[in-house]
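Notes to accompany the following structure.
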Amino acid sequence: MGNEIEQKLKIAIVVLNWNGKKLLEQFLPSVIEHSKEATVYVADNASTDDSVNFVKTAFPLVKIIQNTENGGYAKGYNDALKQVEADVFCLLNSDVEVTKNWLTPIIETFNNEFNSAIIQPKLLDFNKRDYFEYAGAAGGFIDKYGYPYCRGRIFNTIEKDNGQYNDTSEIFWASGACLFIRKHVFNELNGLDEAFFAHMEEIDLCWRAKNKGYAVKYVGQSTIYHVGGATLSNTNPKKTFLNFRNSLFAVTKNAQGNIFFIILIRLILDGVAGIKFLLEMKPKHILAILKAHISFYGHLKQLLTQRKSTKNKIKYYKKASIVVDYFIKNNVFYKS
């Protein structure tokens, strides 16, 4: 990219929207007010409400990209970002409130660390503002069997923000709620994997970047507030389906080690999760796990082909099993 310190990075903030007029009305003003260093886009995923007309009328300076179909998060961004000229893309959810000067430490990190390809800020809960937010908290990691967790959030245990993660540090994955990525890296990785549709495609993207030697960073001096679950709530069985299936997709494509052993352990652990849903009287979620595995096996041949094309698979985990750590050893808070 040349001498990046002397260049002014061109930042594009791209908000993906699908029938989210109310969210845009509530959250787009903060993005516009506090993002003078960037160009703001709304990428519309073939909404059937009047989101696009609303943005054109209420926020005439916001650029609009209209996708021809609702391809979910992955295809939605892949299609939209082809039409965006910038050095750095910011993939920002429509249910995010940003804060004053939030871009400054992000831009500084990109300028000073050329190998840092992906960055996320601190994610706090919009509704409980002194707590981290589930979707990304203070940066993501993954265990040996592909289960994701965060600094500040392991399963459903969420930490209060007491400044313990005000650092800048390397992480394994950045939250798709707010993910900054250098354009040339996004293109080198051929964008997001559209087979994921939605959920965990950002983990796959970060994993592929890490396998190519790029760094993924968390910058704790930048803060945003995320509602979470605005498009698909945690109580929705479709989200359970996507989370379980896409986790298997990511680990099969990218993980170092004996993938069939990992899949076997996952089969057992996902079965335990099914028993938990049974005890909670959530039969639709049990069915979602079964459907996730059926869909995964249907994609297995393609995933193994993708796996073969990944030459360098790095060690990707800090913990052998976050499930054992959390549910058996009762380690419910993040430890480095």
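Tell me which of these Asp130 doesn't satisfy, since it passes every other one: (1) within 22 Å of His226 (Cβ to Cβ); (2) crowded, with 22+ Cβ neighbours inside 10 Å; (3) of a type outside the set (Phe, Trp, Tyr).
Unmet condition: (2).
In the stretch 311-336, how many are polar (S, T, N, Q), in contact with a helix residue (DSSP H, G or I) (Cβ under 6 Å, 6 or more places away or on another chain) and either surrounded by 14 or more Cβ atoms within 10 Å (Cβ to Cβ) or closer than 21 Å to Leu264 by Cβ (or both)?
The total comes to 1.
Could you say which residue among Val227, Val219 is touching a residue at least 24 places away in the same chain (Cβ under 8 Å) and either more than 30 Å from Leu28 (Cα to Cα) or surrounded by fewer than 22 Cβ atoms within 10 Å (Cβ to Cβ) (or both)?
The match here is Val227.
Of the residues Ser169, Ser175, which single one is surrounded by fewer than 18 Cβ atoms within 10 Å (Cβ to Cβ) and under 21 Å from Tyr317 (Cβ atoms)?
Answer to the selection: Ser169.
Given Ala38, Ala74, which one is closer than 24 Å to Leu124 by Cα, of a type in the set (A, V, I, L, M, F, W, C) and touching a helix residue (DSSP H, G or I) at 6+ places or on another chain (Cβ under 6 Å)?
Ala74
Looking at the structure I just gave you, is Val14 closer than 14 Å to Cys90 by Cα and outside any loop (DSSP other than H, G, I, E, B)?
Yes: the conditions hold for Val14.
Taking the stretch 175-216 only, how many residues are touching a residue at least 60 places away in the same chain (Cβ under 8 Å), within 16 Å of Asp87 (Cα to Cα) and not aromatic (Phe, Trp, Tyr)?
Of the residues in that region, 7 qualify.
Report, by residue number, each residue of the stretch 185-227 that is assigned to a loop (DSSP other than H, G, I, E, B) and closer than 15 Å to Ser175 by Cα.
Leu192, Ala198, His199, Met200, Val227
None of the figures in this text is laboratory data; all of them are computed from the coordinates on show. Quantities reported herein were computed from a predicted structural model and do not represent experimental measurements. Every residue, glycine as well, gets a Cβ built from its backbone with ideal geometry; the counts of neighbours run over all protein chains shown.
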